[in-house]
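Right, one structure below, let's go through it.
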Amino acid sequence: MVRYVNLRIVSDGKEIEGLQERMKRILTERADRVVEGGAGFQGGEEKGKVYWISDLRIWYMTRFIKESRYWNGFGTDEPAEGENRTIVCEINFPPEGIDRRIGAAFARDPLGNYYVVHRGKLGGNYSKKFFEDNYNGEWTEVADGDRESRVVVIGPLDETLPENIREFVYEVKRMKTAGTVFRVLSDKEEIARTQKTLDKILKSRASEIVEPSMVKFTWPDAKEAYWIPDLKMWYVYRDREGSHKNAFGTNRPGSSEKPVVCTLNIPKEGINRYVKGAFVTDSDGNHYLIHRGGISGVSKEKFKEIFHEQWIRVTDDEGHDEAVLIGKIDENIPEMIKNFVDRFIWIKNCGWGISFHDFLKLRGYHFKPELIENFLLSLKVKPFVILTGNSGTGKTKLAQLYGQYISAPERKRYLIVPVGANWTEKRHIFGYLNIMTGKYQSTPALDFIRKASKDPENPYILILDEMNLSHVERYFSDFLSALESGEPVPLHDDPDCDFHSEITLPENLLVVGTVNVDETTYMFSPKVLDRANTIEFETLNPREYLLEEGEPGEPAGDLEFLEDPLNHDASDPGDLGGIRDELVRELSFFHEKLQRAGFDFGFRVTMEVLEFMRAAWVYEGKPAKWENWERYLDAQIKQKILPKIHGPERLLKDTLNELKDHCEGRFPDSHDKLGEMVETLRIQRYVSFIR
């Protein structure tokens, strides 16, 4: 939980004006659609531009009400041109001074950082006591003019503000909804009418009727699916004995991607809490779609955690229950369902009770468990991993899928940056100072690094795709140096520039570089290879994944430890399950043999191999007698020791053959790689690790 210390409410009019402009800029730049519309509230309405932030599902309106307040309204229903939407909450600021009658304020800490805070005054029929009794978050003491006051800190006034406002808006929506009485429909005719209305709205929104291949495995007699292109969502309805069956998904019909289906089945009559979907009604006769929470492998409590702001209490003939309020059955229900489906699929695919290996299988991807283990263990040892192999072997896809796995519904924690052939200096990652304007020109990579810095409890993964399309050392040397030393990277030295003059790489930032080798790419220098684990992807025989032959099994160790790159387990490894002395002998052997060819390795490689082995020992349950250690040393020989090797036959022939003979029967992956290198050396008279 973040603790805010020594915050003081801002009272200067010019300062408040500037902060309001900054907040407006952050929110409007994040919006991906703007319409002319309105916002309705008790006693009136506002007209003007409505900014829709689709990934957060909030809209924003703002204007200055002279001598009164800076008005900022927020809601959750997707806006439409010329139409009004209901305001969920306002975050208003006084134009100057301290005004505790107005709901929000700006606050500043001793370091000069600014925050948006709320006093708990929602207006209308909602008193501050209502807010205090129902708000689930933390309160913070601030210096409020001549007194101390308790406020809610919505978030810092920076690029993370939209996500923080989204959390606040949905919390207010939950609080207001909590007072509404929802009753589950049980009458057969009323349920049928509501289902017919839902079906009509969804089908009228669709632009294409397609063959329903995505549900053939569960509903073989399904005749058609409806594709809603602007939402990128399909819909299938089946009328079955006992229930109305509604299925949704987000993969394009006809695509090769394995579909993940979200079903919302509604009992045709009566109450059946085992069927997850239902219709409910409020005291005004409005009808809503709900999901009772929980799916196979994911408890209702876990479900509640991710849908907490939509969680409501419902009443039926069996008493009280809790459920997710998906949305009102009106013209906006397709958007509400899409929001639910996206989160449902995320829960079904990602960490909530499912391992990364199972996540990959659900998505239809086939990776050997040893590859997954090596990848995740490598990220623990050093947050820089190189993935190499033939095109199409899944290098970028594995990194992207792991990024999706560690992300949250409203917080994407990975970024893919394609490296260009013209990348010749650090500005392609860290940006540059525009001397003509005096403004600092940031980059997506730098913005992502700053985003990771503000969320230190969670991992973020930066994926540099085809990073050897340019000379890596030219654009990446400052990054490597900062990664190794922990020192900040200088960005500029202009005292008049309002952008940070330097940046420190956060410890929760992971970097994965993918490598293809052809006539358009460049080789890595030893400096780069020395600082990374280099993992080679092999091509699979089509029979392995088309017919699922030779299913390789699953990772069998401590998955919670393995899949959290920020969990390093500081326990003393002792003698590593009795293998430390033998491990030292093996490393000494490789060092001596490679020294003759000029490829001996230094202190850094030795310590990182030891750290990898320690992490593997923890993953395997910290055995007192570790019998499987050679499997992990095999990985480190191939990932840390062999990648720097390159040269002519006269230099490497004897050394490679000696290493190959030593690995036979003990280190199979390294033995096979050395055999491949020996054969390449025989044919071409020159060899390098990366093909």
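The values are calculated or read from the model by the stated rules, or taken from the named source; none is laboratory data. Fair warning: this is a prediction, and the values are worked out from it, not measured in the lab. With ideal geometry, Cβ positions are generated from the backbone for all residues, glycine too; neighbour counts draw on all protein chains shown. Accessible surface is based on the protein model in full, side chains and every heavy atom, while ligands, DNA and RNA are left aside. Shrake-Rupley method; radii C 1.70, N 1.55, O 1.52, S 1.80 Å.
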#### Entry: FRET efficiency for LYS454 and LYS304, using Cβ-Cβ distance with R0 set to 22 Å, rounded to 0.05
0.25
### Query
Once you put a point 7 Å from the Cα of LYS24 and another 7 Å from the Cα of ASP654, both along the Cβ direction, what distance in nm separates them?
7.8
### Message
I'd like to verify something in the chain: which complete DSSP H helices, judged by Cα projection on the helix axis, reach 15 Å or more and average at least 0.5 on the Kyte-Doolittle scale?
### Response
369-381, 603-619
### Message
Helix-only mean residue ellipticity at 222 nm, the chain, DSSP H runs n ≥ 4 weighted -39,500 (n - 2.57), per residue, nearest 500. What is it?
### Response
-10000 deg cm²/dmol
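Is region 526-675 best put as rounded, prolate or oblate by its Cα gyration tensor, with a ≥ b ≥ c the root eigenvalues, rounded for a/c under 1.5, and otherwise prolate when a/b is larger than b/c, oblate when not? Before the final figure, lay out each step's value.
Details: a/c = 1.77, a/b = 1.17, b/c = 1.51.
Judged from the Cα gyration tensor, region 526-675 comes out oblate (a/c at least 1.5, b/c at or above a/b).
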### Summary
Projected onto the charge dipole of the chain (unit charges on the beta-carbon of Lys, Arg, Asp and Glu, signs +1, +1, -1, -1), the Cα from PHE279, PRO212, SER485 with the largest positive-side position is that of PHE279
#### Entry: Packing rank of 124-137, 469-482, 444-457, where each peptide gets the mean count of other beta carbons within 10 Å, highest leading
469-482, 444-457, 124-137
### Query
Applying the Karplus parametrisation 6.51 cos²θ - 1.76 cosθ + 1.60 with θ = phi - 60° to the phi angles of region 383-393, what ³J(HN,Hα) value in whole Hz is obtained for each residue in order, glycine and proline being reported as x?
x, 9, 10, 9, 10, 10, x, 4, 4, x, 8
### Task
Post the alpha-carbon centroid distance, region 618-685 to region 65-102, in whole angstrom.
65
### Query
How many percent of all Cα-Cα pairs in region 449-535 sit more than 17 Å apart?
56
### Summary
About its Cα centre, region 79-130 carries a charge dipole, from +1 on Lys and Arg Cβ atoms and -1 on Asp and Glu Cβ atoms, whose size in debye to the nearest 20 is 400
### Rounded, prolate or oblate (a/c below 1.5 giving rounded, otherwise prolate when a/b exceeds b/c) for region 392-533 by Cα gyration tensor
oblate
### Message
List the pairs from LYS382/LYS644; LYS395/LYS638; LYS188/LYS300; LYS593/LYS622; LYS223/LYS328 whose alpha-carbon separation is above 23 Å, in the order I gave them.
### Response
LYS188/LYS300; LYS593/LYS622; LYS223/LYS328
### Query
For TRP139 and SER11, FRET efficiency with R0 = 25 Å and r from the beta-carbon atoms, rounded to 0.05?
0.75
### Task
Take every Cα pair under 8 Å in region 1-120 that's 6+ residues apart, average their separations, divide by the length, and report that relative contact order as a whole percent.
26
### Query
Using the per-residue mean of other Cβ atoms lying within 10 Å as a proxy for protection, in what order, highest first, do the peptides 337-343, 483-489, 676-682 fall?
337-343, 676-682, 483-489
### Query
At what distance in nm do the modelled label points of HIS500 and ASP221 sit from each other, each positioned 7 Å from its Cα along Cα→Cβ?
6.1
### Message
I'd like the carbon and sulfur percentage of the solvent accessible area for the chain, probe radius 1.4 Å, heavy atoms only, ligands and nucleic acids excluded.
### Response
46
### Task
With an 8 Å cut-off on Cα pairs and a minimum separation of 6 or more residues, tell me the relative contact order of the chain in percent.
8
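Where Rh is the Kirkwood radius over the Cα pairs of region 1-154, the temperature 25 °C and the viscosity 0.890 mPa s, what D in µm²/s does Stokes-Einstein return?
151
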### Query
Share of antiparallel DSSP beta bridges in the chain, in percent to the nearest 5?
75
### Query
Relative to the present Cα-Cα distance, how much length would full extension add between THR160 and HIS320 at 0.36 nm per residue of separation?
53.9 nm
### Query
Suppose every K and R has +1 on its Cβ and every D and E has -1 on its Cβ; what is the size of the dipole of region 1-103 about the Cα centre, in Debye to the nearest 20?
380
## Note on the structure
Most packed first (mean Cβ within 10 Å per residue), the peptides 384-391, 414-421 order as 384-391, 414-421
#### Entry: Residue (of LEU659, ILE641, ASN628) at the positive-pole extreme of region 591-688, dipole from beta-carbon charges
ILE641
### Task
Work out how far the C-alpha atoms of the chain reach from end to end along every principal axis, then list the three figures in whole Å, largest first.
88, 69, 49
### Task
Output the pairs from LYS203/LYS276; LYS232/LYS412; LYS66/LYS451; LYS128/LYS454; LYS203/LYS232 with a Cα-Cα distance over 24 Å in this structure; if there are none, say none.
LYS66/LYS451; LYS128/LYS454
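Please report, in debye to the nearest 20, how large the charge dipole of the chain is about its Cα centre when each Lys and Arg carries +1 at its beta carbon and each Asp and Glu carries -1 there.
The calculated dipole for the chain is roughly 1120 debye.
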### Task
Just grab the label-to-label distance for LYS622 and SER525, each label 7 Å out from Cα along the Cβ direction, in nm (one decimal).
4.2
